[in-house]
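Please read the structure below before turning to the comments.
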Amino acid sequence: METRVIQVDEQHIQTGLLRQAGEIIKAGGLVAFPTETVYGLGGDALNPDSSRKIYEAKGRPSDNPLIVHICRMEDLAYIVEEIPEAALKLAEAFWPGPLTMIFHKSAAVPHETTGGLDTVAVRMPSHKTALSFIREAGGYVAAPSANRSGRPSPTCAKYVTEDLAGRIEMVIDGGGVEIGLESTIVDMTEEDPVILRPGYITKEMLESVLGSVREDRTMMSDLNGQAPRAPGMKYRHYAPKGILTIVDGEEERVTAYINERLDCLKREGHKTGVIGTDTTIARYRGDVCKSAGSRDDERTVARELYRILREFDDEEVTAIFSESFDTAGIGQAVMNRLLKAAGHHIVYL
Ligand code: TXA
Ligand code: MG
């Protein structure tokens, strides 16, 4: 299959092009599209064959449920059993935006889309191209992140084509994404909402609307044999090919420790890499040193992290060290992804 790539500028959306993309979805095909978080691999959420194709294209186990993307609040009722009051409040505050909520599903959503579950994850993205595309596609687009399973989520169209060219009908290239990490997931099916995956919408932001919000116990920890409640979180996601170690501690000691380890690993024949920050990166002696941005604004780190992990793969780096990041605000989502990428391998100094 030849994959067509179309360029769509969020500021001057060409509806004609998105109509063609929408037709592909309606005919049961697959289209990757930009959102404000990461690129999604879209298919018709109400068509079981489309969901099967998504799993196949991604190389993903089919027990890992997909997120259904909508573009209008009035479309929600058709795919869920009921809309709890708390969900209405969160939608009012954070939709369209980087928040996914889990509901009891209605009969309209096939089990192929929900990985066999009776619940469904729903998100209304804020990216204008995504919203127009979803409308043209009939209103319900199932989309996981548009990477091959086991690779970092794509933050630009180039990475989507790297992973999926020849496997899907179309890629909508909308340039680089704004946030760079996947949406916050909140389970609304229980009395008290529970955060299953941290993201740009933080616990504090959710609590400012709802009062108290819980966190899934397995979210930031090594799993200890416990099944996480978002099935996708159990897979070894976001893992670079090289061995990744996070080093946590006071800045001077972290740079000194990492440099010592780098010298040693180089002698053993490793190609070494470092993820640092703007103020520290020049001090490292790794073969490939990349700054993830500024510690003063961890949103910059969120935006760069997946690109950096992919580049280490491309450059065939075999041993990587990363500085640790603050777990406040978006930093929690950064650390959640980094810990997964490192297989929870962290050194405390
Ligand atoms: O930002 C995002 O959420 C991106 C963009 C494309 O919207 N999408 C994304 O999808 O990250 P994906 O498939 O890579 O991650 C979806 C996560 C998985 O961990 C999955 O297990 C969980 O959501 N999930 C989906 N439906 C669920 C459900 N009914 N119950 C619990 N977890 C669910
Ligand atoms: Mg994913």
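Coordinate-derived values only; no laboratory data. Source: prediction; values computed, not measured. A quick note on method: Cβ atoms are made from the backbone with ideal geometry, for glycine too, and the neighbour counts reach across all protein chains shown.
What the table shows:
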{"item": "Spatial separation of Cα centroids for region 321-344 and region 41-120, in angstrom", "result": "27 Å"}
{"item": "Local electrostatic count, Glu252, Cβ distance below 14 Å [Lys/Arg +1, Asp/Glu -1]", "result": "-3"}
{"item": "3J(HN,Hα) from dihedral phi, region 294-308, Karplus parametrisation 6.51/-1.76/1.60, rounded to Hz, x for glycine, proline", "result": "9, 5, 6, 9, 5, 5, 5, 5, 4, 5, 9, 4, 5, 4, 4"}
{"item": "Local net charge near Thr318, Cβ-Cβ under 12 Å (Lys/Arg +1, Asp/Glu -1)", "result": "-2"}
{"item": "Shape call, region 85-159: gyration tensor on alpha carbons, a/c limit 1.5", "result": "oblate"}
{"item": "Estimated vicinal HN-Hα couplings, Hz - region 90-97 in sequence order (Karplus 6.51, -1.76, 1.60; Gly, Pro = x)", "result": "5, 4, 4, 7, 10, 9, x, x"}
{"item": "Entries of Lys158/Lys290; Lys128/Lys203; Lys26/Lys105 with Cα pairs more than 24 Å apart", "result": "Lys128/Lys203"}
{"item": "Cα extents of region 304-349 along the three principal axes, largest first (Å)", "result": "31, 23, 15"}
{"item": "For region 1-63: span of alpha carbons on each principal axis (Å, largest first)", "result": "38, 25, 24"}
{"item": "Loop-located chymotrypsin sites (Phe, Trp or Tyr not before Pro) in region 41-99 whose Cβ has at most 15 other Cβ within 10 Å (DSSP)", "result": "none"}
{"item": "Straight-distance crosslink candidates among aspartates and glutamates, where the alpha carbon sits under 15 Å from Lys271 and sequence neighbours closer than 8 are dropped", "result": "Glu260, Asp263, Asp287, Glu311, Asp313, Asp314, Glu315, Glu316"}
{"item": "Phi to ³J(HN,Hα) by Karplus 6.51 cos²θ - 1.76 cosθ + 1.60 over region 29-45, Hz, x for Gly, Pro", "result": "x, 10, 9, 8, 9, x, 10, 6, 8, 9, 6, x, 9, x, x, 5, 5"}
{"item": "Average projected area [Cα convex hull, the chain], square nanometres", "result": "17.2 nm²"}
{"item": "For region 1-122, alpha-carbon Rg relative to the globular expectation (2.2 N^0.38 Å, N residues)", "result": "1.10"}
